[in-house]
Every structure is written in C-alpha cells, then in structure tokens.
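The structure under discussion appears below in the form of structure tokens.
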Amino acid sequence: MTVSFLKPKPQSLTAKTFAKMFVIVLMAATLISCGKTKPQRPITKTNFLLDTLTQITAYGDNASGAIDMVFDRISDIQKKMTASGEDSEVIEINNEAGKKFQKVSPDTFYVIKKGIYYSESSHGRFDITIGPLVKLWGIGTDKAKVPSAEEIRIALRHVNYKNAVLNEDANSVMLREPGMAIDLGAIAKGYAADEAVRILKESGVKSAAVDLGGNIYVIGKKPNGSLWKIGIQDPFEPRGDTFATVDVSDRTLVTSGIYERYFIKDGKRYHHILDTSTGYPVDNDLVSVTIISDSSIDADAISTMVFALGLKDGMKYVEETNDVEAVFVTEDRKVYASSGIGQYEFRITNKKFKLEKLME
C-alpha cells in the first residue's frame, strides 16, 4: 500500500522570464511494504536554477548521483540561455543585434530554432524576440512599471521573429535590427526538463518526478505500480490549492496563468504574459492553460502560445496537434478540455469549477 500526501509547490522566484503557473505533484513520501517486499525510499533534492526552485524526486540505486548530474546540466543550460545577468550566449546574440551572426552551442541553437518554429506557428502571438517588451515592463522584478504608450510603441518595433536569422551550417544566430532581443523564458525551462528526464533515464532511473518551477515531468509509474497524480493549481487561491487532478506516467504538464507574476497599479492587475500585437498583457477570459504532452519544450511553448491565442483559437491549435492535450480555465471558473483528455484520469476536485463543452 502507499501513503501519499499533498506536497505544496515551493514558491517560484522567477524574475525576467515568462513564468509558468505552479502545479502540485501528489507523490508518495514513503512506500510501506506489504509482505516481504523491501520498501523503496525516494531521494529528493532541491536547487535554485533557472531563476526558480527546482526539485527532483527519484527512486533507485543511482538516483542520488543522477539528480546531481541533472542539476549540473540545468546549470549549464542556464548559463547559455539566460537573458538577464552579465553574460550568456543569448545575451551575446542580443548585444550583436543588427551587427553580425553570433555562434552558439548546439543547445542554444536548438532551443532558438524551436522558438522560431512556434513563433511561425502562432503567426507571432508567441515570439522569442519579445525581449524588449519583457525588459520594458519588468514584471517579476523590482522595476515593474506600466510603460507609456510611446515606450510600448518603440519596443514593439523591435519584436519580430522574422528578423531572427539562423545559419544551420555555422550554428550561428543573428538579429537583423539593433535593439532586438531574444528571450527564451517561455521555452528554455521545458528544454531543461526534457534534458533532466533524459539523464535520469540514461542513469537507470525508472521512477521519478521532475519539477522545474512548475514544469512537471514524471518518469514511469511510482514504485508501487500506480500512476503519478498531479494536481493543477487553482488560479484563484494561494499556491498549493488545486482544482483538478490528472493521473499520468511518462508525461509532462506545463501551465501558464495570469497570476503567477504580476503587479497591481491603480487597482488594475498587470500579468506577465504579454500580447505581441498590443504590447500590453494578454487580455482575454483565460486565467490558465495546462498542456499535457511527452515533450516539455513543446508543452512549455504551447502553453504560452495557446494562452495568447485565446480559448477558441488555442483549442483549435491543440486539437490539430498530435500528442498534445489541454485544460483551459476561464475567469468564471469554467473548464474546457481538449477531446483527447479522456485517455487520462482527469478529475475536477473543486465544486466551484465546472467542466464545459466548447461550442463551435
């Protein structure tokens, strides 16, 4: 038998990245033997990486060493892809905007290429060159402010993924115009989660839960053979409260919401998911979108992208994309799930929320 408890998600400290809304993993703290089977105890370690508190729980003889290798790998990704601080490959690209190509590692090139793919797929609603707007608003930092209309207009002139050029042969990237800036905050964490899972599996770990500040990826099943139960954060309550659960194995869940990073000015809330068509925070009825997939880099980008697209267009994109399911929550606590959600054990656990069918 299994004794499980609700493990509250540690608070994210994300600063200049598109933060993702936290989900809570309901996982076993200790497995109690039923009979002569030797109980397995988890190894859990935490670290502050990618501007957030990262936690990994794994089972098996190689779990401890594998987790340490994962932390080293994520640290390497952070050093290459951060858009804040003094130095990284992304910062070097931004510093050379309008001047020349900048050679980068295969890691950074791959993530930027993925980012451009999703920028094209969304016709710019998701745009990895959103850096000037992110810096201007400063949401999640002590410099958060409501910019002037003129400041937003100027920043928007520098947001255009079509002016991000890739040289496949040289593994180099160039931004065509001065003032442009790449920000991988909506996709790099997903890549790191995928890399964490790869390392754990290659180390022989067959049961684990990776939590990168709300990007959840579970490996296999729990040692007792049951699925991992993941709780989806209630967007209207303090962190740790959930409105639904979903049982999965070998899947990632990534959620984007309007409340994880925001500030209030003159009674109005300004959240961190910015609309590339207006320069202001996305303004639609959505409060959160959760993506379920087998690729965290894809789920990371898609969660932000479909949030910006809105309920109808976002759902349409999900329905047309293989191996991707979604759960949308609107301001009136209505829940809309994609047609394939039935393959998972999805339950609404809070009676204030109601599952609805999206009318065409």
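Of note:
- Neighbour net charge for Gln102 - beta-carbon separation under 15 angstrom, K R +1, D E -1: -2
- Rounded if a/c under 1.5, otherwise prolate or oblate - segment 139-263, Cα gyration tensor axes: oblate
- Computed from Cα positions, the angle between helix 296-309 and the longest principal axis of the chain comes to roughly 60 degrees.
- Neighbour counts of C-beta atoms inside 10 Å place Glu89, Glu120, Glu168 in the sequence Glu168, Glu120, Glu89, starting with the fewest.
- Listed residue pairs exceeding 29 Å between alpha carbons, taken from Lys162/Lys316; Lys113/Lys354; Lys114/Lys312; Lys79/Lys221; Lys143/Lys312; Lys229/Lys334: Lys113/Lys354; Lys79/Lys221; Lys143/Lys312
- 0 to 90° range, to nearest 10: angle between helix 188-202 axis and the chain longest Cα axis: 40 degrees
- With contacts taken as Cα pairs under 8 Å and at least 6 residues apart, the chain reaches a relative contact order of 19 percent.
- Helix 63-81 vs. the chain, principal-axis angle (Cα, 0 to 90°, nearest 10): 10 degrees
- Ranking of Phe353, Phe328 by neighbouring Cβ atoms within 10 Å, starting from the fewest: Phe353, Phe328.
- Separation between Cα centres of segment 281-343 and segment 156-234, rounded to whole Å: 17 Å
- Among Met81, Met69, Met180, a tally of other beta-carbon atoms within 10 Å of each Cβ gives an order, fewest to most, of Met69, Met180, Met81.
- Given charges at beta-carbon only (K, R positive; D, E negative), |dipole| of segment 134-293 in Debye: 180 debye
- Entry note, the chain: the mean residue ellipticity at 222 nm calculated from DSSP H runs of n ≥ 4, each adding -39500 (n - 2.57), is -8000 deg cm²/dmol after division by the residues and rounding to the nearest 500.
- In segment 60-216, Cα pairs under 8 Å separated by at least six residues give a relative contact order of 33 percent.
- Neighbours of Ile154, meaning other residues whose beta-carbon lies under 14 angstrom from its beta-carbon, give a summed charge of 0 when Lys and Arg score +1 and Asp and Glu score -1.
No lab work stands behind these numbers, since they all come straight from the coordinates. Bear in mind the structure is a predicted one, so any value in this text is a computation, not a measurement. All Cβ positions, glycine included, derive from the backbone under ideal geometry; neighbour counts span all protein chains shown.
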